[in-house]
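Chemist: Okay, handing you the structure first.
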Amino acid sequence: MSTLYQVLTPEGELATNLDGQLDQATMVKMFENMLLVRMFDRKSIILQRQGRMGTYAPFEGQEASQVGSAMALSPGDWLFPTYRDHAASIVHGQSMARVFLYWMGHMDGSISPSHLNIMPQCVPIATQMIHAVGTAWASKLKGEKKVSLAYFGDGATSEGDFHEALNFAGVFKTPTIFLCQNNGYAISVPFSQQSASKTIAQRAAAYDIPGVLVDGNDVFAVFMTIKQAIDRAKAGEGPTLIEAVTYRYGAHTTADDPKKYRDQENVSEEWRRERDPIQRLRVYLEKQGLWTEAWENERLASFGEKIDAALAEAESYPKSRPEDMFKHVYAEPTWMAAEQEKELAQPVKKEGIPA
């Protein structure tokens, strides 16, 4: 069984030597990124409650897994996020305005900067894993030094796509990194009721690829693990399956009530109090003379302004129209899509009400 890999303990102490893999500037940037995305996440929940956004999937508690992994990527690498991985997308270069647009139901929210390979957030469970393998295979065939990083949750490991993706990647040694953020619940079903295996990482043995179990609330450990997997992939050694053990403090989405299936008050508060990813890095940075409360407050004020500016940009963006759904289906419109769009434009007749 895999042993949990940890670099930074919950008490803010190093459990292992960094061996020059992290410098102080990167550590500070990790902390800043986690502060930013947590503030973004909390703002988004408020916006949803105000009716200014649709249903939203919060990620608070999982910042280390997303920030640490995204910071390990190079600009040309491919990122395949789920509906909960907008923190990773933001860190990799997606604009916060676009992420807001996505949750406002605008398809333009899925457009990423032209110089980055950030795929749209995937709502169907585990399908992005197959896409990531295909893209990685294409990179390999082209001789490119790029990796594809696929995010997924523990629930995705119960899907057939999980098996198909890992099997194909293992056979063809594609430069794919599979990052499972195991936050304990597939919506409302605990992991213990999904699988008899004690870990997800141990399943890598079935595909003859490395499997790593990592503390998902330890940003150092996540970053270093992903870096090692990237090095393996770019050296032609194939894929890696990584299980980051973490926990989401809030609901599965804003349409969910976690109190119905878990001890929200005690368990969530225990994770927040004893294992919070931001707090453990804050303690470490303070010990290194790299953090003060005044400095953090300055960063929070700056981040708040950036988030507000991104929100203003998103809310001033042209509103979606129903006919926009036909824009990105085919490169060239088909006769069938053209007919459907024309039909959509016709006045709707209801019984007893003239059109």
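Chemist: So is Gln228 open to solvent by 30 Å² or more (accessible area, probe 1.4 Å) and not small (Gly, Ala, Ser) or not?
Modeler: yes
Chemist: Give me the pairs, please: first residue somewhere in region 320-347 and more than 16 Å from Met107 (Cβ to Cβ) and outside the structural domain of Met107 (by the TED database), second residue anywhere and open to solvent by 100 Å² or more (accessible area, probe 1.4 Å) and aliphatic (A, V, I, L, M), beta-carbon distance under 8 Å, and either six or more positions apart or on two chains.
Modeler: The qualifying pairs do not exist here.
Chemist: Based on what the data block shows, is Arg52 over 19 Å from Thr225 (Cβ atoms), at pLDDT 95 or above and outside any helix (DSSP H, G or I)?
Modeler: So Arg52 passes the test.
Chemist: Within region 1-21, how many residues are in contact (Cβ under 8 Å) with a residue 40 or more places away in the chain and either assigned to a helix (DSSP H, G or I) or under 17 Å from Pro277 (Cα atoms) (or both)?
Modeler: Matching residues across region 1-21 total 11.
Chemist: Would you say Tyr5 is in contact with a Cys (Cβ under 9 Å, 6 or more places away or on another chain) and open to solvent by 20 Å² or more (accessible area, probe 1.4 Å)?
Modeler: So Tyr5 does not fit the description; no.
Chemist: Report, by residue number, each residue of region 261-319 that is small (Gly, Ala, Ser) and either open to solvent by 70 Å² or more (accessible area, probe 1.4 Å) or more than 25 Å from the chain's Cα centre (by Cα) (or both).
Modeler: Gly289, Ala294, Ser316, listed by residue number.
Chemist: Looking only at region 63-90, count every residue that is β-branched (Val, Ile, Thr) and either in contact with a strand residue (DSSP E or B) (Cβ under 8 Å, 6 or more places away or on another chain) or farther than 25 Å from Arg275 by Cα (or both) and tell me the total.
Modeler: 1
Chemist: Scan region 143-151 and give yes if some residue there is out of contact with any helix residue (DSSP H, G or I) (no Cβ under 8 Å at 6 or more places or on another chain) and either assigned to a helix (DSSP H, G or I) or buried (at least 17 other Cβ atoms within 10 Å of the Cβ) (or both), otherwise no.
Modeler: no
Chemist: While we're looking at this one, here's another question. Quick one: which of Glu243, Glu269, Glu274, Glu237 is in the same structural domain as Gly20 (by the TED database) and over 20 Å from Pro10 (Cβ atoms)?
Modeler: It is Glu237.
Chemist: Quick check on this structure: which one of Ala244, Ala205 is small (Gly, Ala, Ser) and part of a helix (DSSP H, G or I)?
Modeler: It is Ala205.
Chemist: Of Val212, Val189, Val245, Val222, which residue is open to solvent by 20 Å² or more (accessible area, probe 1.4 Å), in contact (Cβ under 8 Å) with a residue 24 or more places away in the chain and in contact with a Ser or Thr (Cβ under 7 Å, 6 or more places away or on another chain)?
Modeler: Val212
Chemist: Counting just the residues of region 248-260 that are surrounded by fewer than 19 Cβ atoms within 10 Å (Cβ to Cβ) and of a type in the set (D, E, K, R), which one comes out farthest from Gly68 (Cα to Cα)?
Modeler: My answer is Lys260.
Chemist: May I pose another question? For the subset of region 80-95 comprising residues that are more than 9 Å from the chain's Cα centre (by Cα) and open to solvent by less than 30 Å² (accessible area, probe 1.4 Å), which member is farthest from Asn117 (Cα to Cα)?
Modeler: Out of the qualifying residues, it is Ile90.
Chemist: Kindly establish whether Ala235 is open to solvent by 20 Å² or more (accessible area, probe 1.4 Å), over 23 Å from Gly68 (Cα atoms), free of Cβ contacts under 8 Å to residues at least 40 places away in the same chain and among the hydrophobic types (A, V, I, L, M, F, W, C).
Modeler: For Ala235, the condition - open to solvent by 20 Å² or more (accessible area, probe 1.4 Å), over 23 Å from Gly68 (Cα atoms), free of Cβ contacts under 8 Å to residues at least 40 places away in the same chain and among the hydrophobic types (A, V, I, L, M, F, W, C) - is not met.
The values are calculated or read from the model by the stated rules, or taken from the named source; none is laboratory data. These numbers come from a predicted model, not from an experiment. Reconstructed Cβ throughout: ideal geometry from the backbone, glycine too, with neighbour counts over all protein chains shown. Side chains included, ligands, DNA and RNA excluded: accessible areas come from the protein's heavy atoms. Shrake-Rupley method; radii C 1.70, N 1.55, O 1.52, S 1.80 Å.
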